[in-house]
Each structure stands twice: as structure tokens, then as C-alpha cells.
Amino acid sequence: MKRLIQLVVKHKKSVLIIFFILAAAGTLLSTRVSVNYDMVDYLPKDAQSTVAISIIEEEFAGDAPNARVMLENITIQEALEYKKSLSAISGVSSVSWLDNVIGKDNLITTPLEFLDNSITENYYKDGNALLSISIKSGQELDTVNAIYDLIGDNGAVGGDAANSSAFQSMTESEVFSAMAYVIPIVLIILILSTTSWLEPLLFLITIGVAVVINMGTTAFSDEISYITQTVTPILQLAVSMDYAIFLLHSFYEYRSSHEPNEAMQLAMKRSLPTVAASAATTIIGFSALMFMRFGIGSDLGFHLGKGVVLSFLSVMVFLPALTLVSYKLLDKTRHKSFVPGFSKVSKGISKLRIPFLILALIAVIPCFIAQSSTSFLYGTGGSIEGSRVGKDAALIEETFGKENLLVLLVPKEISGKEAELCDELSSISNITSVVSFVTAVGAEIPPQYVPKDTVNQFYSENYARIILYTSMPEEGEQTFNTVHSVLDAAENHYDSYYLTGQSATLYDMKNVVEIDTRIVNLVAIIGIFVVILIAFRSLAVPILLVFSIETAIWINLSFAYFTDNTLSFIGYLIISTVQLGATVDYAILLTNHYLADRKNLPKKEAMHKTLTDNLSAILVSASILAAGGFTLAATSGNPIVSELGTLLGRGTLLSFAMVVFVLPTLLILFDKVIEKTTLKNGFNLY
């Protein structure tokens, strides 16, 4: 390690050139990242709704429909012409309408009033036609825009693919918008907390280079989720800024008695264990997400963890080189600190330590119960309400009623068995119509006497497709009960069956996430506990530190329950690990200094000194992370991302409060326990 430190200091200009080249490459590669806006793609491959989609794509004509187009005030013939034009649009893999169900010849030659009204009204009503469209994954934005160009103001577009196009439109600008706001805010915080006008710029350049390199490396992945693309740059910047602050402050301390190159080598050697431990806890918190079966966890956890590693390398390699070539400018731009001393504040905290502890203990149990009882949202339908897609979805619902399509696949066997299943499905609450071969054509009519296009809508070589029209909302207890009833009905008649559709997907998502939540939280807590255990060589310290941050997390997540609101499952999963991994550093910093001061001072005096010396550093770090979260909340038009930002900002402030107001009391109260359970503690016993 000593050799590596010497190489960085000796070849500082070469280091700068290498990092700037990597940053330039990262900037270029970041424009080639493939972004996925469909959360369904992150379900496990063995989820029954995922298997159903694969079967539909392999065995049936066209992909599973993921968008709906309503055409207003048109005739049957005009609707058929529009269908032909829609099919020709690049990105559209298939278009289905009423003619696919009852046959085109039958539709054209038979008066509408003589057709089965329960079927036709799902497709054509009061002069309005509703077509189902399959749009290829990754082409949603361009395809939906092309559909709008075709239909103009004479229609509406809704569905998952339309929602994805709205997300894509929002996300493309939101990353830069959020950074445009957060960078000036962070700059102001750094200016107020440092003693050189140039110092904040060095910090931002150092972490900024790491962020850009990380964004560039995502191009080597097949694709990343829009959640990952939006939140990773902000989180990486916010959680790793204190690494740079610690290194440069160590450099300043050694500058008073050493020449610059030697001072930097000593600062790097001193900072490495602390920065590495801090980065390790954050990486473990992020990496815990990778244990989720729901693929968004692996996606987000991998890129966030990689970002922290790159920030660590940038701070330990790039920042020393950058500082050494600009230290003369740092000296010329020195100014007095704007941050006042915290001695009086520390005394005030010490006087109120027991009330703060009592308040935390009163809150911990109800908040733990409340956060575990929070209701979750798994879909994204509400995320596009203000856009044209959101307004179009409401218009389609107003015209054709509340519709939520499910597609059930069962083995292709005797028609009588299929008819029995359809009868049972028709009796299930919230199912308004069951469309299959036996209901649309008749169980008594052999498929060979029916037009091939119609048969292909319902039968493949191995499966029968049954379409269920429902009046239930996209998700919720009522919806999930209906999905469960459909699966039970299918099980009564067939050994194998698969159900897909938005609500079926969300039902699978709910079942997967409920397991993921427990696994992710347990992995994060155990991983960080072990890191703290090794770092402090103590059994008691990890318990106190993890308890402090977990209490802040429980309080943060309980807000939704106490305000009678639902919480996005993505926000819940991410914040549980991110808040723990990112803010436990504050607890580690405070405890580390307390144990050092405790070797020379009695416990109360040691804690007063610890708070006085470190409150500023903890406040700056927490302010930056909270600013990143609240900026994300304020700038994102996507409610899921905005909610995540609010959770991050609020959670950071709560963690700060627990570390500053409650943890000191715990350390003092359990001083004897810490002494007995810590190797080579060296405590002052007086």
C-alpha cells in the first residue's frame, strides 16, 4: 500500500490525465445506455405471469397486448382501416380488435345489433372503437408518438407501453434537472463548511468524475432500469462526498509540519482505513439489494455499489493528485470558517440526553409495528396522471368503463372442460366478461370449421387462451383476491395454468417482494453488523449503532401508516438498505472518536469533546445526503422517484437526530458494557 501511495504522489499528472480520459469516455458511453421502463421485466423468470407472457410470445400470433388505442366517432370500416395503419407503424408487433374475435367477414356482413352485445361492447361502443396493441419493448416512446401522429386528436392511448413512454419522456431530462439543482446546493453547503473557496470545487470534481465514469460503465450492461438511471448519480454523489472531505482535512493537518508530498502520503495512509470502512458499510447496504429475486434490486444494488467503489478510488487516487497540483491555489483562497463552534450545542445535547432517549424508546415500538403494517403500491399507474397518457387513460375508462384485462392460459384439451372453467370464471366477483373459443364461437363447433384468424386468437398448438374482462382496480386487496380466485378456479380443472395481465403481474410482484423485504433487511443488518464488529472489535458497539439507525428507519417508514397513505414498494425496499448503509457512517464516526477520547477522559467529558469535534462533520455529511434526497423529490415528475427522494431526505435527518441526540446517551449508559465487551479498549476508568 505504501508503494501505491508513493506512485500516486510521484505520478500525479499521469493520474489526472488517466481519470480525465476515463471521465470523457464515461460521458460518451452514458449516451448509449439502454434504459428499461417496464418493471414487469424484473420479475423472476419462473413467476407464473412471466411464464404466461413467454408462452403467448412463442405460441400465439403477436405478442401480449400492452397498449390500448381508442378511436372516437368512427364506423366499423374506418376502425378496420385504422387497424391496418396502426399495424404498419414501426415498433407495433400486432394489433387486435373485434374482427379477430368474431371474424372479419362476420363483422362486416352482420349488423351490429345481431352480434353478441357482451362481446362487442368491449371493442366498439357508441361509435368509439377500442383496439389492443402490442408495442415492442424499448420502442415505447417513438411508437406511442407515432400513434399520436396517426390518430391526432381523434383518439386516446393508454396501457403499460403508453405509461412506459411517459416515464421515458420524464426520465430523459430528470437526471440532468436534479443534478442542476443539487450541485449548487451541495456547493453552498461545502463553501459554508470548508476554509477554502477552491476546496468545494475539488470535492465536486472528484466525486463528479466518479459519477460520470459510473454512468459510462452502465453502457456495458444490456440495460438498466429507469429507477437506477434516475437515482444512482444523486445517491453516489451524496453518500461519498464525506470521503473526500475526510482526506483533504487530514492533508491540512499534516501540512502544518510537513511538505505537501509527504503530507499527502501521510493523509492517504491515515484516511485509508476510515474511508474504506465507511465505503464498506455503504456498499454492503447497497449490495443487500442484490439478494432480491425481483431484478430491480440487483440492477440498482450493483450500479450503486459500483458507484461507491469508483468514488472510493477517485478519492484515494484522483483527489490526492488533484490536490497536489493545486495546493498553492488552495492556500491563496483560504478564508475563515463560517461554521461556529459546537461546544455550547454539545453541552445542551448532554443536558437533554435522557429526555431524548426516553422519546426514542417511546417511539420505537409503535413505529416498528406501524412500518410493518404499511400498505404498498406495486403498480405505476398513478405515476402518469398529469401527462397526456394519464388523461387518455381516464378518457378510455370513462368511455368503455373501468377495464382490467387478464389472460388465462390452460392446456388445449376437450372443449367441454374449457366450457366448465369459463362458466366458473363468469361467476367470480369483478369479472364482467369471459371471452374464449367456447364463449365466442361455441363449444359444439369444431375449430376446423372456423376462420383460421379467429381460431389463432384462442388456440395455439398446446394452449387455449381465455380473456377475462374485469371491473376491478389495477391493484389492492379486492383485486388480489379476484386474481387468487381465478387461479383457484383454473386449478380445479387443470394441472397446469398461467395467468397474466397487469393485476396478475402485480400479484406476482407482491408475493415476490414480501419475501424479498425480509431477506434484504436481514442481509443488510447482518452485513453491517459484522463490519462494525470487526472495525471496533466489540460485541456491544454494533448493537447500539445498528439499533440507532434502524430506529430512524422505522420512524421514517411509519409516516405512511400514521398519515393513512400507501407507500411504493420500491421506496420501501431501497430506503431500508440505503438509509442503513449510508447513514450508519455517522454513528461509526461518532463512536470511533468517543472510544478514542474515552482513553484519556471520563465518559461524560469524552462525549462532550466528541460532539464538539465531530458535530460539524456529521452535520455537513447529513446535509448533503438530505439535500440530494429532497432535490430528487422536488425535481422528479415520477411519483415513485419523488417519494424515494422524500424518504431519503427525511430518513437522513432522522438518522442524524438519532446519532446526535440518542446514540451519545446509549454510549454513556452502556459504557461499562462496552468496556467489558471490547478488546483492548484502553478506557480511562475515572
- Query: Sequence-distant or interchain residues sharing an amide H contact under 5 Å with Ser93, placed H: which?
  - Reply: Ser134, Ile135, Lys136
- Task: Could you pull out the GluC sites (Glu not before Pro) across region 453-494 that fall in loop regions by DSSP (anything but H, G, I, E, B) with no more than 14 other Cβ atoms inside 10 Å?
- Result: Glu461
- Message: I need to check one value: relative contact order of the chain, counting alpha carbon pairs closer than 8 Å and at least 6 residues apart, in percent.
- Response: 19
- Can you give the net charge of the other residues whose Cβ lies under 15 Å from the Cβ of Val438, counting K and R as +1 and D and E as -1? -4
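Please identify the helices of the chain, taking whole runs of DSSP H, that span at least 24 Å along their own axis as judged from the Cα atoms and have a mean Kyte-Doolittle score of 1.6 or higher.
Numbers: long enough: 12-30 (27 Å, 1.76); 160-193 (47 Å, 1.15); 199-217 (28 Å, 1.75); 226-255 (45 Å, 0.53); 260-287 (37 Å, 0.40); 295-313 (27 Å, 1.03); 353-372 (28 Å, 1.98); 477-493 (25 Å, -0.65); 502-536 (49 Å, 1.36); 540-562 (32 Å, 1.67); 569-598 (43 Å, 0.81); 603-635 (44 Å, 0.55); 639-657 (27 Å, 0.97).
Helices meeting the criterion: 12-30, 199-217, 353-372, 540-562.
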- Quick one: which residues, 5 or more positions from Tyr463 or on another chain, have an amide H under 5 Å from its amide H? H modelled 1.01 Å from N in the peptide plane, none for Pro or chain starts. Lys412
- Message: For the ranges 219-230, 155-166, 180-191, what's the packing order if you count other beta-carbon atoms within 10 Å of each residue, average per peptide, and put the highest first?
- Response: 155-166, 219-230, 180-191
- Message: Going by amide H atoms built from the backbone, whose H comes under 5 Å of the H on Phe376, apart from near neighbours?
- Response: Leu567
- Which Cα, out of Pro446, Thr432, Leu405, lies furthest along the positive dipole direction of region 389-507 (beta carbon charges, K/R +1, D/E -1)? Pro446
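Within the set of other residues whose C-beta is less than 12 Å from the C-beta of His249, count the net charge using Lys and Arg as +1 and Asp and Glu as -1.
Details: positive: Arg255, Arg270; negative: Glu199, Asp242, Glu253, Asp613.
Local net charge: -2.
Have a look at the DSSP beta bridges in the chain and tell me what percent are antiparallel, nearest 5.
Numbers: 33 of 37 bridges.
In the chain, DSSP labels about 90 percent of beta bridges as antiparallel.
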- Message: With +1 assigned to the C-beta of every Lys and Arg and -1 to the C-beta of every Asp and Glu, and no other charges, what is the dipole magnitude of region 72-158 about the Cα centre in debye, to the nearest 20?
- Response: 280
- How much mean residue ellipticity at 222 nm does the chain get from its helices, if each DSSP H run of length 4 or more adds -39500 (n - 2.57) and you divide by all residues, to the nearest 500 deg cm²/dmol? -22000 deg cm²/dmol
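Evaluate the charge dipole of the chain about its Cα centre and quote only its size in Debye, nearest 20, assuming +1 on the Cβ of each Lys and Arg and -1 on the Cβ of each Asp and Glu.
Numbers: 45 positive and 63 negative charges, 1218 e Å.
Dipole about the Cα centre, nearest 20: 5840 debye.
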- Charge dipole of the chain built from unit charges on the beta carbon (Lys, Arg +1; Asp, Glu -1), centred at mean Cα; most positive-end Cα among Ala88, Thr566, Ser221 is Ser221
- In percent, what relative contact order does region 389-540 have, based on Cα pairs under 8 Å that are 6 or more apart in sequence? 32
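Regarding the chain, what's the average projected area of the Cα-atom convex hull, expressed in nm²? Could the numbers behind the result be given before it?
Numbers: hull surface 133.5 nm².
Seen from a random direction, the Cα hull of the chain projects 33.4 nm² on average.
None of the figures in this text is laboratory data; all of them are computed from the coordinates on show. Treat the numbers as computed from the prediction; the structure is a model and nothing was measured. As a convention, Cβ positions derive from the backbone with ideal geometry for all residues, glycine included, and neighbour counts pool all protein chains shown.
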